[in-house]
Amino acid sequence: MAFETVKNELEGRGFSVKTFATGGEAAAYLDGVIDGRTVGIGGSVTVQELGLYDKLASHNEVHWHWAGGPAERDAAMQTQVYITSANGLAETGEIINIDGTGNRVAATLYGHEKVYFVIGRNKLAPTYDAALWRARNIAGPKNAQRLNRKTPCAVKGDKCYDCKSPDRICRGLVVLWRPMMGTETEIILVDEDLGM
């Protein structure tokens, strides 16, 4: 996949961008540039698929609630570096995330020296509206199913129903148009399907 358009758009908005042909190459890059740091990881199937927790934990202090529960989620908010993915990325440069607890999206907005978004080609959409549609109608239902939620989107697996279920995981939406002031933000684009 040609990432040139989205790379140019992201760089024009002030993001740093690296592109990789494979997830293995992206993981090796991150393992090399993040060293001796405190690292937080957001709930991310992409990060899990790349094996980043094990790689980084061998030479960094890493906090990921999938590896240790709510206390790790809170510790991840206090780290120097934060790694996550996105639910949708528009070729026009908008990064879209939807969250239930809020820790993942909050960490992309404030409190870290550097934030990395690792994004596979399957998250890319041509426009902001298409990226938002993808986040709500593809990522949302897949994540609800993965988490065994009792929501219409998890049961049917076809789209967002904008439900009022107490099990709803889509509770907040964040769109990054530019990096937040005071936070260096790097986008890692991978030419493989990764995550939900």
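Things to note:
- Residues in the stretch 114-146 that are open to solvent by 30 Å² or more (accessible area, probe 1.4 Å), in contact with a helix residue (DSSP H, G or I) (Cβ under 8 Å, 6 or more places away or on another chain) and not in a strand (DSSP E or B): 145, 146.
- Check on residue 41, under 17 Å from residue 101 (Cβ atoms), in contact (Cβ under 8 Å) with a residue 40 or more places away in the chain and of a type outside the set (Gly, Ala, Ser): yes
- Condition met for residue 98 (among the aliphatic types (A, V, I, L, M), in contact (Cβ under 8 Å) with a residue 60 or more places away in the chain, touching a strand residue (DSSP E or B) at 6+ places or on another chain (Cβ under 6 Å) and not in a loop (DSSP other than H, G, I, E, B)): yes
- Residue in the stretch 164-195 that is surrounded by the most Cβ atoms within 10 Å (Cβ to Cβ), counting only those that are small (Gly, Ala, Ser) and in a loop (DSSP other than H, G, I, E, B): 195
- Residue list for the stretch 139-150, filter: within 16 Å of residue 172 (Cα to Cα) and not aliphatic (A, V, I, L, M): 140, 141, 143
- Check on residue 111, touching a residue at least 12 places away in the same chain (Cβ under 8 Å), in a loop (DSSP other than H, G, I, E, B) and in contact with a helix residue (DSSP H, G or I) (Cβ under 6 Å, 6 or more places away or on another chain): no
- Any hit, the stretch 92-99, residues being more than 24 Å from residue 28 (Cα to Cα), over 14 Å from the mean Cα position of the chain (by Cα) and modelled with pLDDT of 95 or more: yes
- Annotation note: Cβ proximity below 7 Å between a residue of the stretch 78-89 that is assigned to a strand (DSSP E or B) and a residue that is among the acidic types (Asp, Glu) and open to solvent by 10 Å² or more (accessible area, probe 1.4 Å) (sequence gap 6+ or interchain) occurs for 81/113.
- Options 42, 23; residue that is surrounded by 20 or more Cβ atoms within 10 Å (Cβ to Cβ), within 18 Å of the chain's Cα centre (by Cα) and at pLDDT below 95: 42
- Qualifying residue in the stretch 58-72 (condition: small (Gly, Ala, Ser), part of a strand (DSSP E or B) and surrounded by fewer than 20 Cβ atoms within 10 Å (Cβ to Cβ)): no
The values are calculated or read from the model by the stated rules, or taken from the named source; none is laboratory data. In this text the structure is predicted, and so the values were computed from the model without any measurement. Note that each Cβ is placed from the backbone with ideal geometry, even for glycine, and that neighbours are counted across all protein chains shown. The area values use the complete protein model at the heavy-atom level, side chains included, leaving out ligands, DNA and RNA. Shrake-Rupley method; radii C 1.70, N 1.55, O 1.52, S 1.80 Å.
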